[in-house]
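Let me begin by presenting the structure, written as structure tokens, before commenting on it.
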Amino acid sequence: MGGRGAIAAAAAVLAVVLTTAVPARAAATYVELNPATVQAGYLVGIRASCDDNTKPATVESDAFGEVKVYPQFDVLTAAVTVPADKDPRRYDVRLSCDGGQAASARLNVLEGGRPSEGPATGFGGMADDGSGGLLVGGGMVAIVVGALLGVYTLRRRRAETT
Amino acid sequence: MAAPRFTGPIAIVVALAGVLAVGAGLTEDTGLWDALSRESTPPPREFPVLESSRPIRIEIPSIGVRAPVHGVGLADDGSISVPSVHRHNEAGWYDRGPTPGEFGPALIVGHADTKDGPSIFFSLPKLQPGAKVEITRRDRSIAIFEVNSVERFGKSKLPADRVYGDYTRPSLRLITCGGQWVGGSTGYQDNIVAFASLVATKNA
């Protein structure tokens, strides 16, 4: 009896080691969206996991209808476009596994389109006094003065040598 | 006039100073200086993601910004509308885009100045890459963003994909005005945009 108990205990330990050490068996059922916030008209990536990730499963939402997720690298994936005319709001996304398990996530759909140009964020009170323009003007004057001085110097030198 | 042996070197020095001044003036006016001194810090690979919740407050300790945030929509010309002048010390969050912390670029605009003094985002051009921006949200969580770069663009030349179109991670765009004042319906010629990425979250 003691021998049998020991064998049973060893088998139990082995079973625990086997199930925890082998990651091929998925630990949880989930569905994830990337991005979880999207503008209407754009693509969303779906990543899901069931107990058995070798069989396709179904993901369904009012935002994009029903899509199948297929096995890829130990998880189930798909990509789907949210139609451009979807109302901006939060949508539930539901995963139904082949084995009966289920999970859900939320997708936040935003209005499509973008602001056209930069916003008008200032009233001018602290506007630059144009130090750039002042530098350019002053620099021009300095160049002219330098040139005149140079011409004057050369003339004086020539006058001295002759 | 001084002896010619002095005026020769003086002429050269004055002319060179002139050339330098013209060069400096031109680089400042064209924004070339900003482009040359631009730095950037890439965002970390890992990032948190938050549920959707409206922003109510913004704090940028490094440039002394502490202000309430309210929602803004679109103006008639299709640009993001801005806080009205009597709320110039508040920031405006573009309420048709993502909230700060969820995937995508949360857009927050603020005035650079009023008619007679600086306003909330006046110091935005001085913001350094690596600085932190804290956004308090209505769900009482705080989204902490790290500045990646601060850049200046002509108002009609804003790189829309970079500013408005990146949904690969939660990010923040702080937008104000800068460059030359041209007045009329344009106001300032350029926009200053601070690009930032979500790096951490905490509870208020």
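The values are calculated or read from the model by the stated rules, or taken from the named source; none is laboratory data. Bear in mind the structure is a predicted one, so any value in this text is a computation, not a measurement. When we count neighbours, we look across all protein chains shown, and the Cβ atoms used for this are built from the backbone with ideal geometry, even at glycine. Quick note on the areas: whole protein, heavy atoms, side chains included, nothing else; ligands and nucleic acids left out. Shrake-Rupley method; radii C 1.70, N 1.55, O 1.52, S 1.80 Å.
HN-Hα J couplings of region B:139-156 from phi, Karplus 6.51/-1.76/1.60, θ = phi - 60°, integer Hz, Gly and Pro as x?
Here the 3J(HN,Hα) series is 7, 6, 8, 10, 9, 9, 10, 10, 6, 9, 6, 10, 10, 10, 9, x, 4, 8 Hz.
What is the dipole size for chain B, taken about its Cα centre, with +1 at each Lys and Arg Cβ and -1 at each Asp and Glu Cβ, in debye to the nearest 20? Show your work: numbers first, answer last.
Numbers: 21 positive and 21 negative charges, 62 e Å.
The calculation lands at about 300 debye.
Provide, for the protein assembly as shown, the number of lysine pairs with alpha carbons under 28 Å apart, each pair being eight or more places apart or on different chains.
11
Across region A:110-123, in residue order, what do the Karplus-derived ³J(HN,Hα) couplings come to in whole Hz, using 6.51 cos²θ - 1.76 cosθ + 1.60 with θ = phi - 60° and x for Gly and Pro?
Once rounded to whole Hz, the list reads 10, 4, x, x, 9, x, 6, 10, x, x, 8, 9, x, 10.
Could you work out how far helix B:4-30 tilts from the main Cα principal axis of chain B, as a 0 to 90 degree angle to the nearest 10?
20
Charges on Cβ only, +1 for Lys and Arg, -1 for Asp and Glu, centred on the Cα centroid of chain B; of B:Gly18, B:Gly165, B:His86, which one is farthest towards the dipole's positive end?
Most positive-ward Cα: B:His86.
Let me know the shape class of chain B, please: from the alpha-carbon gyration tensor, a ≥ b ≥ c as square roots of the eigenvalues, rounded when a/c is under 1.5, otherwise prolate if a/b is greater than b/c, or oblate. Please report the intermediate quantities before stating the final value.
Details: a/c = 2.64, a/b = 2.06, b/c = 1.28.
Here chain B falls in the prolate category.
Quick one: with all protein chains in place, what share of the accessible area of chain B is carbon or sulfur, to the nearest percent (1.4 Å probe)? Working shown, then result.
Values: 5210 of 9490 Å².
Exposed carbon and sulfur together represent 55 percent of the surface.
In square nanometres, what is one fourth of the surface area of the convex hull spanned by the alpha carbons of the protein assembly as shown? Spell out each step's value before the answer.
Working: hull surface 125.5 nm².
Result: a mean projected hull area of 31.4 nm².
With no other cysteine's Cβ closer than 4.7 Å, which Cys residues of the protein assembly as shown count as lacking a disulfide-compatible partner?
B:Cys177
Between B:Arg45 and B:Ser62, how many nm apart are label points set 7 Å from Cα along the C-beta direction?
Each label point lies 7 Å from its Cα, and together they span 2.4 nm.
Show that you can apply the helix-only estimate: for chain B, add -39,500 (n - 2.57) for every DSSP H stretch of four or more residues, divide by all residues, and state [θ] at 222 nm to the nearest 500.
Numbers: 3 runs with 37 residues, N = 204.
Counting only the DSSP helices, I get -5500 deg cm²/dmol.
Using only the Cα atoms of region A:26-110, what are the Rg and Dmax in Å?
According to the Cα coordinates of region A:26-110, Rg and Dmax are 12.2, 37 Å.
If you wrap region A:78-162's Cα atoms in a convex hull and average its projection over all directions, what's the area in nm²?
Details: hull surface 61.2 nm².
It is 15.3 nm².
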